[in-house]
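The values are calculated or read from the model by the stated rules, or taken from the named source; none is laboratory data. Just so it is clear, the model here is predicted, and its values are computed rather than measured. Glycine also receives a Cβ, built like all others from the backbone with ideal geometry; neighbour counts cover every protein chain displayed. Just the protein is used for accessible areas: all its heavy atoms, side chains included, with ligands, DNA and RNA removed. Shrake-Rupley method; radii C 1.70, N 1.55, O 1.52, S 1.80 Å.
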Amino acid sequence: MNQKHAVVIGSGFAGLSAATHLASNNYSVTLLEKNESPGGRARKFSSHGFTFDMGPSWYWMPDVFEDYFSHFGKKPSDYYDLVRLDPSYAVIYGQDDILDIPANLDEFKAKLEEIEPGSANQLDEFLAQAKYKYQVGIHDLVKKPSRSLLEFTSLSLLKDIMRMDVFQSMAAHVRKFFKSDKIIRLMEFPVLFLGETAENIPALYSLMNYADIALGTWYPKKGMHEIIAGMVSLAEEKGVEIRYDAEVEEIEITDGLAKDVRLKSGEKISADVVIAGADYHHVDKHLINPKYSNYSEEYWDKRVMAPSSLLFYLGVDKKLENLRHHNLFFDEPLGPHADAIYTKPRWPEAPLFYACLPSVTDETVAPEGMENLFLLIPLAPDLEDSEQTREKYYDIIMDRLEKISGQEIRSHVIFKRSYAHSDFKADYHAYKGNAYGLANTLKQTAILKPSLKNKKVNNLFYTGQLTVPGPGVPPSLISGYVVAKEVIRENL
Ligand SMILES: Cc1cc2nc3c(=O)[nH]c(=O)nc-3n(C[C@H](O)[C@H](O)[C@H](O)COP(=O)(O)OP(=O)(O)OC[C@H]3O[C@@H](n4cnc5c(N)ncnc54)[C@H](O)[C@@H]3O)c2cc1C
């Protein structure tokens with residue numbers, strides 16, 4: 001039997017995952033990446049002796065990575081060394097008001113108890129429910145292609161879904177257990193990864209608290225990009241041909257089938273099946289003839305996109321004090337910042353931000369005696385991001401970072417690069433300059449997400465953070481697996 005040829009577009013987590021699953025199921029696979037290096041939003045770059053992860057920095061849900069590599073008889077440790085962070089992270093509520101989150105559950109409970117008596121017991125029940133959601137959610141629901149409601153109609157699954165708080169908000173759920181504002185903010189923080197506020201995220205996602213508190217925060221030595229390096233090496237081991245600087249300009253559709261993929265260079269590559277791991281909107285609106293688009297511009301415009309961000313990659317010529325590997329600055333109220341992201345999109349007046357210092361854990365990402373500092377402000381998508389505005393926000397957060405950590409930092413910055421909306425658009429064709437794809441609101445969950453298959457072109461599929469199951473590294477890995485399974489099931 002002739003080997004089928006799959007063309008995969010994009011070398012992010014989803015594209016690499018789809019390509020490797022197909023290659024290990026006897027497809028010949030060509031993976032086309034527009035940039036000169038792999039990883040998409042999880043690329044890295046080096047300068048002045050510093051190595052920066054460009055996107056993800058939180059390694060959560062280690063079992064999902066184990067699951068991924070185990071499909072191919074491998075383990076994460078075959079490719080990278082993981083360490084569990086302790087403290088997992090620090091939450092900065094204000095000057096001299098910093099909460100380290102211990103990795104050990106009993107120590108964590110003791111800290112909660114100090115803030116709100118009785119909350120340790122409440123946490124037990126909260127986590128028991130979250131664990132159940134995690135087990136059903138991550139090991140079953142997210143692996144469904146979500147192409148039809150019928151996938152969800154088995155009696156046991158329906159019972160499971162009823163127990164999973166799909167119709168209650170995360171905000172209401174957390175408040176049933178805890179009263180202290182500090183604990184509420186802490187418990188609501190993980191869903192910010194899902195691209196909406198806790199009011200608009202189903203309580204199903206308290207599964208993220210289980211991931212955070214019980215499963216822990218991990219770090220691959222040498223940086224998050226080591227995961228990508230491992231995935232690339234595995235993909236190549238399975239025979240995937242990866243081509244960089246290979247931007248796709250058109251998926252040519254003939255007689256209702258995607259037959260050829262045309263590169264910017266003019267070269268054409270024929271395909272039996274095409275899996276697009278590039279941003280869904282870009283593929284649907286710019287790479288195919290509009291008559292085959294799954295969705296209209298109006299549809300896309302009405303989607304709730306997860307935020308974009310303003311990022312700073314900084315090389316600092318001294319070691320910094322009073323900061324951990326992960327630092328969440330909650331020293332301003334969340335409400336007005338959330339309003340500036342989700343309700344009336346604008347640059348926020350007093351932004352919350354996140355500071356990551358991987359060099360606290362890893363001496364390889366900065367020269368000796370120096371610090372690798374990554375700053376992130378979540379922002380509404382589609383904002384104008386001039387150099388002047390970036391600088392204004394650099395000063396705003398640097399003022400607070402210096403004051404709260406009690407040291408001068410700006411004058412020690414020997415390397416600085418900023419990154420925001422226009423970069424996301426230029427580098428990844430990101431719709432509205434989004435960073436994290438599509439938000440996981442109730443109306444954008446499972447079958448209500450953009451479909452992983454084109455409805456008019458039988459051999460064209462989509463994968464990645466804008467389709468099922470959603471944004472984040474673990475879901476993107478799973479997305480590649482789910483789409484490959486569909487291709488194989490349909491024998492395309
Ligand atoms: C700043 C930031 C921080 C984050 N932090 C975390 C975190 O801590 N933990 C976590 O789990 N998740 C995090 N995320 C989210 C996570 O990184 C993403 O959900 C995930 O990487 C998305 O993978 P993907 O494969 O769907 O898309 P992408 O990584 O965007 O991959 C798509 C690929 O397609 C390529 N492409 C686009 N157009 C074309 C074309 N025409 N031809 C060829 N190739 C094309 C792009 O260059 C890109 O390589 C973060 C994201 C960002 C941006």
Open item on the list: Residue by residue through the stretch 294-301, what is 3J(HN,Hα) from phi via Karplus (6.51 cos²θ - 1.76 cosθ + 1.60, θ = phi - 60°)? Round to whole Hz and write x for glycine and proline.
Closed with: 6, 9, 7, 4, 4, 4, 4, 5
TODO: Run a plain Debye calculation on the stretch 370-477 (Cα atoms as equal point scatterers, no solvent) and give log10 I(q)/I(0) at q = 0.18 Å⁻¹, rounded to two decimals, same order as the q list.
DONE: -0.99
- [ ] Obtain the radius of gyration and the Kirkwood radius of the stretch 171-231 from its C-alpha atoms and give Rg over Rh.
- [x] 1.10
Open item on the list: 5 Å is the cut-off here: which amide hydrogens, built 1.01 Å from N in the peptide plane, fall below it relative to T217, excluding neighbours closer than 5 in sequence?
Closed with: L85
Task: Against the rule of thumb 2.2 N^0.38 Å, how large the Cα Rg of the stretch 433-492 comes out - done: 1.12
TODO: Work out the P(r) tail for the stretch 1-125: percent of alpha carbon pairs separated by more than 21 Å, whole number.
DONE: 62 percent
Open item on the list: Taking 25 °C and 0.890 mPa s as the conditions, I'd like the Stokes-Einstein D for the stretch 186-325 in µm²/s, using the Kirkwood hydrodynamic radius from alpha carbon pairs.
Closed with: 123 µm²/s
- [ ] Keeping every protein chain in place, order T197, T254 by accessible area at 1.4 Å, biggest value first, i.e. largest first.
- [x] T254, T197
Open item on the list: Just to confirm, what accessible area per residue do you get for the chain at 1.4 Å probe, in whole Å²?
Closed with: 39 Å²
- [ ] Could you calculate the contour length gain from E113 to T254, that is, 0.36 nm times the residue separation minus the distance between their Cα atoms, to one decimal place in nm?
- [x] 44.3 nm
Open item on the list: Give the separation of the Cα centroids, the stretch 360-426 to the stretch 431-471, in Å.
Closed with: 30 Å
Task: Calculated from backbone phi, Karplus (6.51, -1.76, 1.60) coupling profile of the stretch 194-204 in Hz, x at Gly/Pro - done: 8, x, 8, 7, 4, 5, 10, 10, x, 5, 3
- [ ] Calculate the radius of gyration of the Cα atoms of the stretch 304-428 to one decimal place, then report Dmax, the largest Cα-Cα distance, as a whole number, both in Å.
- [x] 14.7, 44
- [ ] Express the Stokes-Einstein translational diffusion coefficient of the chain in µm² s⁻¹, to the nearest whole number, given a Kirkwood radius over alpha-carbon pairs, 25 °C and a viscosity of 0.890 mPa s.
- [x] 106 µm²/s
Open item on the list: Looking at the chain, identify the longest residue range that excludes and avoids all chymotrypsin sites (Phe, Trp or Tyr not before Pro) in DSSP loops having at most 14 other Cβ atoms within 10 Å.
Closed with: 245-492
Task: Residue-wise HN-Hα coupling along the stretch 145-153, computed from phi with Karplus coefficients 6.51, -1.76, 1.60 (Hz; x: Gly, Pro) - done: x, 6, 9, 8, 4, 4, 4, 10, 9
Task: Amide N of the stretch 163-204 lying under 12 Å from the label point, which is placed 7 angstrom from the Cα of D339 along Cα→Cβ - done: none
Task: Ratio of the Cα radius of gyration of the stretch 111-209 to 2.2 N^0.38 Å, where N counts its residues - done: 1.15
